[in-house]
Amino acid sequence: MKAQLSICVLLATTLSATAGQAPGAAEKPDIAINSRDRFYTSDQFSNTVSVIDPMSNKLLGVIKLGDPAPGNLSPLYKGQLLVHGMGFSPDHKTLAVISIGSNSVSFIDTATNTVKHVTYVGRSPHEAFFTPDAKEIWVAVRGENYIAVLDGKTYK
């Protein structure tokens, strides 16, 4: 018992001494950022996508895909629910946004930040990926264990 206690005390002392901030400053990013770049982030509780200017760190706008954490869901609810994963087209002109709760993919035009199409897929989709030639969008449908393959032009 004493040996086990001694080992625990020794480990606790050693581990606590190694915790802390790594020395040195963060390196510059590998990718140059310019004033036309945009950072998109999804928020599954507000059911929105935020658009941020990475040069100034300013919020440029919010794309509303549904109501914020709707308390009364019914068959009449319109909008996306639990906005989660995102994937860009190779030309960065289209953003596919996954909504886990509404089983859908919203396609956003990044020039106008408006929804240009919504496609419903199987239960609990998770992520979307465009093929390099943008002819297909692959959506991982976790709730049913398959990949939905959508057309890159019609989004269906």
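The values are calculated or read from the model by the stated rules, or taken from the named source; none is laboratory data. Treat the numbers as computed from the prediction; the structure is a model and nothing was measured. No Cβ is skipped: glycine too gets one built from the backbone with ideal geometry, and neighbour counts run over all protein chains shown.
Couple of notes before you dig in:
- Failed criterion for residue 138 (all others in (1) more than 16 Å from the chain's Cα centre (by Cα); (2) part of a strand (DSSP E or B) hold): (1)
- Any hit, the stretch 78-87, residues being surrounded by 15 or more Cβ atoms within 10 Å (Cβ to Cβ), at positive phi and at pLDDT 90 or above: no
- Scan of the stretch 89-114 for residues that are crowded, with 17+ Cβ neighbours inside 10 Å, at pLDDT 95 or above, more than 13 Å from residue 51 (Cβ to Cβ) and not small (Gly, Ala, Ser), ordered by number: 94, 98, 105, 107
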